[in-house]
Amino acid sequence: MEEKKDLIAVLQQIQQKAQDALHSVNSADDLERWKFTYLGRSSEVMQVFKEIPSMETALRPVLGQKANQVKTELEKRLELTHERIQQAALANNIKQQKLDVTLPGRQPERGRLHIATQTLQEIYRILAEMGFQVYRSREVESDEYNFELLNIPAYHPARDLWDTFYTKKEGVILRTHTSPGQIHAMHEYAPDPVRIVLPGMVYRYEQMDASHEIQFNQIELLAVGRNITFGDLRGTLEEFIRRMFGSGVETRLRPSYFPFTEPSAEMDMKCISCNGKGCGVCSGTGWLEILGCGMVHPTVLKNGGYDPEKFSGFAAGLGTERISMLRHGVDDIRNFWANDIRFLKQF
Amino acid sequence: MKLVLSWLKEFVDIDGSLEELAHAMTMIGLEVENIQLIGLAMPEGEHLEHQYSGLTWDKEKVVVAEVSEVMPHPNADRLVLCKLSDGQTEQVVLTGAPNLFDYKGKGPLAKPLKVAYAKEGTTLYDGHQPGKILTTLKRMKIRGVESSSMICSEKELGISDEHEGVIILDDDAPVGMPLVDYMGDAVIEVSILPNMVRDACMLGAAREIAAALNKPLRHPQPKLQGDGPKISGEVAIEITDPNLNPRFVFGMVRNATARPSPYWVQRRLRLAGMRPINSTVDATNYVMLEIGEPLHAFDYDVLKKRAGGKAPTIITRAAKKGEHLTTLDEAERTLDDFTILVTDTAGPLALAGVMGGLESEITDSTRTILLEGASWNFIHTRRTVSAQKLQSEAGYRFSRNIHPALAKLGVELCLSRIAEWSGGQIAMGLVDAYPKPHVDPLIEIAPEEIKHLIGISLTLQEVADLLTRLEFKCHIENAHVTVHCPPHRMDIGEGIIGKADLMEEITRLYGYDRIPSSRIADELPPQRANQQDDFERLVKNVLVSVGLQETINYRLTSPEEEARMFPEQSAKAAREYVELLNPISQDKRVLRTTLIPPMLANLEKNIRHAERLGFFEVGPVFLPEKNDALPREEYHLCIGLAGLHEKKHWDQKKNRGLDFFDLKGYMEVLLDALHVENAVFAPVEHFLFHPGKCSSMRCDEIEFGILGEVHPAVAEKYAFLENPVLIADINMELLLKSLPAVFRSEPVSAYPPVLEDLAMIVPEDMPSREVETVIRSAGGALLTDITLFDVFKGEQIGSGNKSLAYNLTFQSFDKTLTDKAVEKTRDRIIKALEDQIHATVRKK
């Protein structure tokens, strides 16, 4: 009987000791060692199990039951501790992995279209929605297409409107506007109606400064049909300007002169920089000259293959770098072809 | 063109403010550039639409005064003291004006001098300093004499830069009147459109203003009639070609004496930007500024002498090529055959419509003035102006076409002014040669036509009323208005062109701003794709999507700049260029023939601003053609890379320079995006590139481009950093030809792939593409992908060899592949490699 009581007390002591030891276990390694010590083959609990067969038969069940209880209890605590340690390790790991989120990210290289192309593409998109399709033509032109067919005869004072680059080949020049494309397109499309946008690089013999370039992009609109009116021209251009510069932009139309249009007009826009109050951008006038336009001259229609008695049309042209400059506050046009990455990457 | 407000008011009543006037002028096509105030007050209001400059004269402080005596200064020879009355007080005013010295010490003047007088405290321009520096008159002592006020020069009052003497006003100036009320004015500078030379004069501009404001226009009338002996018999005119010289009119004034013009005439000329000379020359200039007809005055006695004492005959004709004439600017000019000359029997007298000759020019001693008014062919005049590089007021106007009617009116007006200002008698009558009178166009226009082209509905009467304002003669007939052009318009055509011209006139007067905006109602044209533009946009978008920056360069360059890309030792290919006749500078004198040099320059310029550069440009190069005056414009794509593989980063362990395979990668991605499937890269040699690091790009036997690392000998000429520079040049037109019309997608297999590695040893110079071709053809349908994952060279595998290792992906669309099936294929590949290219395949 004493023996039994002793063993039960021993088992209790074993449990107590193991549980006490478990309190100081804080790592997976410690836990492994604890498991070896208190639940391993040579652990005291296991020793008790080994001793049970040598006990009195009557005592065995009680002892066995108790030993099992101790073992199960220890195993349960092992499990709990394991979980506790794992949680702690995870928490520790997470703590270790903490980043300085204010460090700069690794930026992939972003490609960009040149600002001149971006503006052109935006213009194409707006005009495409209005039914105008892109028509391109050559940059080195004949005098015939650049001037003569556009109702600008040789030596005519209207030629003073363009400072021209001539090539060493007689009658071959760098186009001063995209207007020769009007004739090319009309020749190609007559007698169908025409609704096109003519984009591209044009050339002017000029002293370069902050607002003058020898090379710049221009777009022209050309609409030819049986019922195209000056009102259509105005409506189309107003819509275009609103889409480019915002719905609140005010415009005005005033008379001008271009040899290839009659009537001719110039469209001004309320200065977007000062809202019409007058500033350096608009030379104090509150207005910005934005495009030249007019009804296609009967002679030009005829030269394009359309009967001016039956067809009418409008044309309008503007320099697109100027548009980019106004929209983005670029103050020097010479930035455009300088290709300085510090300029280009701002767009 | 400088328009003088007071002068305009002679022809039209202007009641509104300057700002309203300027706005009306701009909106009718006379665009106002700036306004200079001559004494008038600055307009009020926050939002002025025009730029104003100039000086406002204080009404109290700046007045008309009279000088009754000019006395010597006790202590200074170059100063005088003037006894002056401003209508309220008398005082002595000190001045150094040389034009008062003549009166010095002559006692009280019989006829007092009227002057512009500024009292103490007046702010005006400092006459002794260059430019326009404001100063305020203060009391001070000059050489012992007290001075606090001033008799003013034009410069001090902001009228002109004239400071030689003080203003001596005309005798009728009322003493004590505020000067601004007597002669306050404004100069409105407008830009004259090339077809509006009719408005490059006061009357013309006034006509536009009258039309815009719907006010009547007053025409100038000659004040004096001919009272001397008749002109006929004194001179004859012979027009050789009426096409060059449609009309030639002579008038004559005898016994004229050139003297200073009245002050108001001088002032108007100065305000309009011309220098007063003497009363005779001033009269010609005055009339030119007044009605727009340039006139020319000859010394009749010189002409008579040249004619041997007989009545001269004036002949107009085209110059003979190489003929000479000394013009009154004392330049001896060699003439072209398009130049029109005024000659007499002794030879050339004047460059018609541009400038007179020196010999027959009037002088102070001229007594008999022969006054020419003519009209000249504008094209010929313009050619002369540009060939002789001779800008003149006459040349400017005649090269823009002046109506022949003005020749007669101009002469009449001018004769009257000469007689008025220079004295003498006007000879009765004119000699007027007008062999082929100009026929002013007659145009019929109907309201429906206006509605159809402009989009506004007007009645017949409204059309007639609008045009009448501009002096068109209109008759309403049934359904249209018959419009007769007035005899000052040369810009209105006949027939349908005339109709269009009239539409502009009608619309201008109706108001451009009143045109209702509409949306195009006309039928939509057939829609056409622009393949070239679509293709370029696609290419650009792909390149942008992989991180490249677009650049755009000048198309103009120099042969030297392009030659930088040739290595020294290579034979410089003699390039043909489109050359400019009038380059703006030597470095921009030809059109580029390649995109590469500007790309290299872009990389060079930016390499210090970024550690990694990836640029591309799409644009034309210009290649002269043998059988065509126009060059071929060939669109190319150029890609340039330089710098490091990766942008620098704070935790970067290692980084390498960009190399050939980075560039090739960009090309592969582009070709993939374009669905060009069978592009072939093959080694090639090109002077620009490193001989071992250069590849051509072909597709179906079309070689569309080249790429490689820039030859060290070329790179050396640029300020690149240590890393290599990579360039690709692609002919966009040829690449476009390689694009499939459509591309198809492929299904994705539902069965798992089997992945295998295959490594082999091959000779070092074996192109990997060849190995791949063998693998692919032996692999058949089951082999769906090949990826090279390792290339190795080393002693272990023997020199002259390399090891290539591939990932092979096997996949079936109808079943899960068994190891056995894959093994069969794999064995077939190995056998093919061994048989066909003698590869040593590492067995599993």
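The values are calculated or read from the model by the stated rules, or taken from the named source; none is laboratory data. These figures come from a predicted structure and were not determined experimentally. Because the Cβ atoms are built from the backbone with ideal geometry, glycine has one as well, and the counts that use them run over all protein chains shown. Note: accessible area is taken over every heavy atom of the protein model, side chains too, but ligands, DNA and RNA are not part of it. Shrake-Rupley method; radii C 1.70, N 1.55, O 1.52, S 1.80 Å.
For the reader, a short list of remarks on this structure follows.
- Put simply, the amide H of B:A297, placed in the peptide plane, has neighbours under 5 Å in B:E372, leaving out anything fewer than 5 places away on its chain.
- Mean residue ellipticity, 222 nm, helices only, chain B: the sum of -39500 (n - 2.57) across DSSP H runs of n ≥ 4, divided by residue count and rounded to 500, is -7500 deg cm²/dmol.
- Between the beta carbons of B:E677 and A:A210, assuming R0 = 60 Å, the FRET efficiency works out to 0.75 to the nearest 0.05.
- Rolling a 1.4 Å probe over the protein heavy atoms leaves B:Y300 with an accessible area of roughly 10 Å².
- Exercise: per-residue mean of other protein chain Cβ atoms within 10 Å, A:132-139: 5
- Placing +1 on the Cβ of every Lys and Arg and -1 on the Cβ of every Asp and Glu, with nothing else charged, gives the range A:115-344 a dipole about its Cα centre of roughly 420 debye.
- With protein chains left intact and a 1.4 Å probe, residues in the protein assembly as shown average 45 Å² of accessible area per residue.
- Cα-based helix-to-principal-axis angle, A:230-245 vs chain A, degrees rounded to 10: 30 degrees
- In summary, the aspartates and glutamates within cross-link reach of A:K310, defined as a Cα separation below 20 angstrom excluding same-chain residues under 8 places away, comprise A:E188, A:D192, A:D232, A:E262, B:E444, B:E448, B:E449, B:E494, B:D501, B:E504, B:D522, B:E523.
- Positive end of the dipole of the range B:339-471 (Cβ unit charges, origin at the Cα centre): among B:S386, B:S399, B:L430, the Cα lying farthest that way belongs to B:S386.
- Shown in residue order for the range B:654-666 are the 3J(HN,Hα) couplings computed by the Karplus curve 6.51 cos²θ - 1.76 cosθ + 1.60 at θ = phi - 60°: 9, 8, 10, x, 5, 9, 3, 6, 5, 5, 4, x, 4 Hz (x for Gly and Pro).
- Accessible area per residue was computed with a 1.4 Å probe on protein heavy atoms; B:H838 scores about 140 Å².
- Size of charge dipole - chain B - debye, nearest 20, with Cβ of Lys, Arg +1 and Asp, Glu -1, no other charges: 1180 debye
- Summing charges over all other residues whose Cβ lies under 14 Å from the Cβ of B:V748, with Lys and Arg as +1 and Asp and Glu as -1, gives -2.
- Ignoring lysines fewer than eight residues from B:K717 along the same chain, the ones with Cα atoms less than 16 angstrom from its Cα are B:K572, B:K605.
- Orientation-averaged projected area, Cα convex hull of the range A:2-96 (nm²): 5.9 nm²
- Peptide A:157-166 has a mean of 4 when you count, residue by residue, the C-beta atoms of other protein chains within 10 Å of its C-beta.
- Magnitude of the charge dipole for the protein assembly as shown, about its Cα centre and with charges confined to Cβ atoms of Lys, Arg (+1) and Asp, Glu (-1), is about 2000 debye.
- Qualifying GluC sites (Glu not before Pro) for the range A:1-73 [loop in DSSP, other Cβ within 10 Å: at most 12]: A:E56
- Cβ-based net charge around B:L269, under 10 Å, with every Lys or Arg adding one and every Asp or Glu removing one: +3
- Each of A:K302, A:K66 has its accessible area taken with a 1.4 Å probe; listed largest first, they run A:K302, A:K66.
- The antiparallel fraction among DSSP beta bridges confined to the protein assembly as shown stands at about 90%.
- Computed over protein heavy atoms with a 1.4 angstrom probe, the accessible surface ordering of B:M490, A:M325, largest first, is B:M490, A:M325.
- Partners of B:K648 within straight-line reach, counting lysines whose Cα lies under 19 Å from its Cα and excluding those fewer than 8 residues away in the same chain: A:K345.
- Taking GluC sites (Glu not before Pro) across the range B:497-588, the ones in a DSSP loop with at most 11 further Cβ atoms lying within 10 angstrom of their Cβ are B:E568.
- A cut-off of 5 Å between modelled amide H atoms, ignoring neighbours fewer than 5 places along the same chain, links B:K802 with B:V762, B:E764.
- By average C-beta atoms within 10 angstrom, highest first, the peptides B:598-604, B:483-489: B:598-604, B:483-489
- Per-residue mean of C-beta atoms belonging to partner chains within 10 Å, peptide A:169-180: 2
- Cα-Cα over 26 Å, subset of B:K540/B:K654; B:K59/B:K223; B:K119/B:K141: B:K540/B:K654; B:K59/B:K223
- In terms of the mean number of neighbouring beta-carbon atoms within 10 Å, the peptides B:524-533, B:642-651, B:741-750 order highest first as B:642-651, B:524-533, B:741-750.
- A simple count of charges around B:M183, restricted to other residues whose Cβ falls under 15 Å of its Cβ and scoring Lys, Arg +1 and Asp, Glu -1, yields -4.
- Of the solvent-accessible surface of the range A:2-96, computed with a 1.4 Å probe and all protein chains present, 51% belongs to carbon and sulfur.
- Solvent-accessible area of A:D192 with every protein chain in place, 1.4 Å probe, in Å² to the nearest 10: 50 Å²
- Along the range A:102-116 the Karplus relation, 6.51 cos²θ - 1.76 cosθ + 1.60 evaluated at θ = phi - 60°, assigns HN-Hα couplings of 8, 5, x, x, 8, 8, x, 5, 9, x, 9, 6, 4, 4, 4 Hz to successive residues, with x for each Gly and Pro.
- Residues whose placed amide H lies under 5 Å from that of B:R612, excluding near-sequence neighbours: B:L644
- nm² value of the averaged projected area, convex hull over the Cα atoms of the protein assembly as shown: 79.5 nm²
- With 18 Å as the limit on Cα-Cα distance, the pairs of B:K61/B:K138; B:K693/B:K737; B:K230/B:K304; A:K168/B:K320; A:K17/A:K66 that go past it are B:K693/B:K737; A:K168/B:K320.
- With a Förster radius of 35 Å applied to the beta-carbon distance between B:E523 and A:Q121, the computed FRET efficiency rounds to 0.80.
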